[in-house]
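Notes follow the structure.
The values are calculated or read from the model by the stated rules, or taken from the named source; none is laboratory data. Given the structure is predicted, the values throughout are model-derived calculations rather than measurements. Quick reminder, even Gly has a Cβ in these numbers, built from the backbone with ideal geometry, and neighbours come from all protein chains shown. Keep in mind that these areas ignore ligands, DNA and RNA; they rest on the heavy atoms of the full protein, side chains included. Shrake-Rupley method; radii C 1.70, N 1.55, O 1.52, S 1.80 Å.
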Amino acid sequence: MTQYTSKNKPGNDRSQILSDPKFALLICSTAEALLDGAEETGSIGRNSSKRQFEARNLANVAWAIAKINIAPPDTVIPVDLDNAESLLREKSEHVRSIIFDIAKQRATSSSASSSSPSSWIPALSELCGLLIDTVSVKALELDPKRFQQQELSNLMWSLATAQRPNERVFEFVVNSIVASAEQRKRDVKSNETNPLHSRGNHNTNNKNGDGLLVPQEWSIPLWVLAKSGVDLGHEEELLPFVKDMMDNEPGFLERFKPQELSNSVWAAATIISKRPQVAEGDASDAALGILRHTSRELIRRDGDGYKTQEVTNHAWAMATLGFGITTSEKGTTSAAAIARGCKLTHSYTYLHSDDPEGDRSLMEEVMQITKRKIKQNIRPFTSQELNNICWVMARLGIEKDEELLGLIGKEISNPRKRVNSQDLSATLWSMATMEYYDEDLYRGIVSRLPDIGSDHFKPQELSNILWALATAGVIPDFPSVFDEKLLPSSIRPTIKEAKTDPVTAIFAAGAAELISRPDEFKTQEIKDVLWAFAKVGVRHPKLFRAVAEYLVGEENEPVSGRGLSDFNSQGLANLAYSYARQAQIGGETLDKYEKKCRIAFTGGRLAHFTVIFLDVGEGLLRKLFVEIAKANLEVHDNMSKCSAQDISNTVWAFAVLGLKHTKYLEAVEATMRSRMGRYLDGNRGAMNRIQGQEMSNTLWAMAALNYTPRGLLNAVETYFMEIINHDMTVPNISRVISRQEMANMVWVVAVFGEYPKKLIELLYMGILGIGDRSDPEYLQQHYGDNGILPTHFNSMVYLQTIMDLELGREQNPFALPDDFPSAWTSNPSLTAQCASSSSTDTNGIMELNTSAVQNRISAAFDRINFGHVDEHLLTMKDLAIDYGIQLAPTSVDILSLDIANIDSKIGVEVDGPGGKEGMWEYRFNWNSNDQTMNGSTSLKLRMFHKLGWRLINIPFWDWVPIDDVGKDNSKRFVLQEEYCQSLLAQED
């Protein structure tokens, strides 16, 4: 039997008292007196009378039992009022028999008793619980008018403290308190109309001996209602009464002790926080009034007399109800924003305010006092109080106080300070939310992990820590430790070595816990863990595969698992982003380690596909992303509930992974058109405003997947002209979209093959200043960069080329400067002889990664006497002189062909992963049904077609069956040669 007597506080010698048999007998006698009545003082003999416990006696007994902290909570011994009295009598007799048996043993035995001298304590604990339950029964039998309000308050406090509440008693007490308050109102009204009557009319139920209201008698019931969690609906009456007395009772507030003020405002916030996002009604209005009164009182006292817990509780209450939070629109509360349909990040409760600026002023003044007290002496504040203050500042949008945050961080990091998992989690989350990034401090806080142990962290705490570290850019010292798919153990650190770094250790713990107990993680926590790994650039194939299987089932089975219906749109976007980033990080790993990797080196954009399919599995990844699209279309009402950022992040992930989901793309297009249309019609709400980055990423993804809806760019043109107020200047353009985003847009225009004049004018001006101030130095100063990047260069050259080819040089009103790119960049790669680049990273369409497959195809064409060169290049000079493209005639390589017969202008493009000679790549389960032409390939084909070339594409999944290294060479060569001849024989 668990004992409930070990909650000793410093300096409290409870154990000695509880193990004294005389104390146990006292409790037994009290129980029996409660059941049968107590003898009158001075009455003796058979005729002595017994008196039942009165209201004060009941309240005092309950208060005493709660104070000694021995009764078990109702979660261990349930409250049973119907049988409480019989159970109490039975348990009292049991405790007495145990004590008497031990006493007999001691009297008859010459040696020490084998029985424990305190073996009755478990039964005594249960007796105390039943004693409190029986007090509840007896209280319900009395007339409520026999209770003083102090006694009612004490009774409620006792039940809550002992964790043995029950709705019947709470309802009895609250009804009594409300009735008392209503009577007082009637008395006041009567006294105002009949002064003579007031001389003898004193309501003693809620006043002290001087006729004054006692604050404690009101603060305790509120505190108990909040702490117990029992929902009786009486807060609609009780909170307004307390607020009314604060409004109208002279001197009432001044008589509150700091603890009573703190308890009252904490209780009001706790009760109202259980309501929907926008809390309305009399109780909510009263909670706002209580917040205002208690804030003014704390300010009037300048925090004097307030203990650390009391100032912290007040700050917590303000943050919990969003007191003083305003939106970017001056004088508008978050509650009002929600009422207008504005989507907020968290489901916190917000109070309607008729004076948001006044509330903000009160809140800021209270927080100034709170921050000053912490800075003056931080040591008395517990870790919980400090993490609460951090959370409060983050929630209320308090201006970042780096001095204070640094002090709190150092205190939490102090090994002598007792901390728990919530302290670490809440502190780091709050600091990251406030954009306070101090890597040494973050590492110091995380270094407390061994003091707690990862198994003591709740999922939310783990996910919050990982999210905070990733947001602050705190990177694990051993990022490669989990990448068992690509890296052999010889170049990876051991887990033991990696855990010497606290940041790597917490990432390892977060992954391990999510893999082992995913059911305990909420959807937000799952996506935060994955997002954190993606953000810091750490690959963890085992984690990502385990989560995918948990969400949608195993690879070769029908959709099952937890599903995605509980993910909000942001969660789906972050989930998709995380898998796409894992693919990109895999490509970076292959680039970094090359021959040291477990698999053959793969170049270009297909490196992403290779590693993510190795990590997760092709079928499983496709299934996961189909379900992501389905959830957005079905659960989130065809994306009407998705923010523009959520949409752009999700469709970007589809594009990075080469997953073309036409129905989803059609919905993205329709949503964009609809929102831009509503914006242009004057509905300027947040959901209808598409930021430059969101527009750029969404359109880039469409183009990358070769989804090019007609007329969409015209709508984008109209939208952009509206948001720059039809005033096209570099400063106006840069206000809504960056050069990087414009470079992506330029590439999009080239792939779409539609050329809206104003949109292109905006892009040329924004990137190069053409039409405004075409001054490279001015633009570098304006954007704060070192000039154009390869992204800008590639995009501008491709758009200029395709417009000159498709519109005709004479009809194309746009031209690049004569000194482009040399005068526009300090990047040497843009003036080198070769400017090769990856299409995914730089919007390039020229790749010079010669693969093993490509070499064997070239050899096959040699054997059929198809004269050709490998890696044929066209420079800016070639395009300018030979084809009349409006480019500077410089020797910068622009376009390439894998295999080219220059005389016949026949080019061959090998679509497939690169590799090392003699080694096969990962064998994809691809075929022509799974793959479609991407945007880069489409643009390249259009360019070469306009340049007079015929292009032949050889997908590697067609080549692999005839290139099986296990077959006889002569037969293999025949199959290859026949295949190549068939391609040449086909019409263009």
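Here are the numbers for the structure shown:
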quantity	calculated
Criterion (assigned to a helix (DSSP H, G or I), out of contact with any His (no Cβ under 7 Å at 6 or more places or on another chain) and open to solvent by 10 Å² or more (accessible area, probe 1.4 Å)) met by exactly one of Q645, Q584	Q645
The range 888-933, subset open to solvent by 60 Å² or more (accessible area, probe 1.4 Å) and at pLDDT 90 or above, residue nearest to the chain's Cα centre (by Cα)	P889
Test: residue in the range 491-504 that is of a type in the set (V, I, T), modelled with pLDDT under 95, open to solvent by 10 Å² or more (accessible area, probe 1.4 Å) and assigned to a loop (DSSP other than H, G, I, E, B)	yes
Residue match in the range 430-437 (condition: among the aromatic types (F, W, Y) and more than 21 Å from I515 (Cβ to Cβ))	yes
Among the residues listed as K527, K535, K542, the single one being surrounded by fewer than 24 Cβ atoms within 10 Å (Cβ to Cβ), under 19 Å from D646 (Cα atoms) and modelled with pLDDT of 95 or more	K535
In the range 535-553, the residues that are of a type in the set (A, V, I, L, M) and not in a helix (DSSP H, G or I)	V538
So H868, is it open to solvent by 20 Å² or more (accessible area, probe 1.4 Å) and touching a residue at least 40 places away in the same chain (Cβ under 8 Å)	yes
Single unsatisfied condition, L699 versus (1) surrounded by 23 or more Cβ atoms within 10 Å (Cβ to Cβ); (2) touching a residue at least 60 places away in the same chain (Cβ under 8 Å); (3) not assigned by the TED database to the domain that holds E806	(2)
Residue within the range 455-470 that is part of a loop (DSSP other than H, G, I, E, B) and either open to solvent by 10 Å² or more (accessible area, probe 1.4 Å) or over 30 Å from L404 (Cα atoms) (or both) present	yes
Selection within the range 660-685 - open to solvent by less than 80 Å² (accessible area, probe 1.4 Å), touching a helix residue (DSSP H, G or I) at 6+ places or on another chain (Cβ under 7 Å) and more than 16 Å from P709 (Cα to Cα)	R675, Y679, L680
Filtered residue count, the range 735-769, keeping only those that are open to solvent by 10 Å² or more (accessible area, probe 1.4 Å) and out of contact with any Leu (no Cβ under 9 Å at 6 or more places or on another chain)	7
Failed criterion for I690 (all others in (1) part of a loop (DSSP other than H, G, I, E, B); (2) among the hydrophobic types (A, V, I, L, M, F, W, C); (3) farther than 20 Å from M745 by Cβ hold)	(3)
Hits in the range 751-804 (condition: on the phi > 0 side of the Ramachandran plot and modelled with pLDDT of 95 or more)	G753
Test for F567: is it outside any helix (DSSP H, G or I) and either surrounded by 20 or more Cβ atoms within 10 Å (Cβ to Cβ) or touching a His at 6+ places or on another chain (Cβ under 7 Å) (or both)	yes
Given (1) within 27 Å of M687 (Cα to Cα); (2) surrounded by 19 or more Cβ atoms within 10 Å (Cβ to Cβ), number of the condition D637 does not satisfy	(2)
Residue check, I299 at pLDDT 90 or above, of a type in the set (A, V, I, L, M, F, W, C), open to solvent by 20 Å² or more (accessible area, probe 1.4 Å) and over 27 Å from the mean Cα position of the chain (by Cα)	yes
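Let's see how each residue does on (1) within 19 Å of V419 (Cα to Cα); (2) open to solvent by 10 Å² or more (accessible area, probe 1.4 Å):
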site	(1), (2)
P356	no, yes
E364	no, yes
M367	no, no
N377	yes, yes
Q384	yes, yes
C390	yes, no
A394	no, yes
E399	no, yes
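Yes/no matrix, rows are residues, columns are (1) open to solvent by less than 50 Å² (accessible area, probe 1.4 Å); (2) in contact (Cβ under 8 Å) with a residue 12 or more places away in the chain; (3) assigned to a helix (DSSP H, G or I); (4) hydroxyl-bearing (S, T, Y):
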| position | (1), (2), (3), (4) |
| --- | --- |
| A267 | yes, yes, yes, no |
| T270 | yes, yes, yes, yes |
| K274 | no, yes, no, no |
| G289 | yes, yes, yes, no |
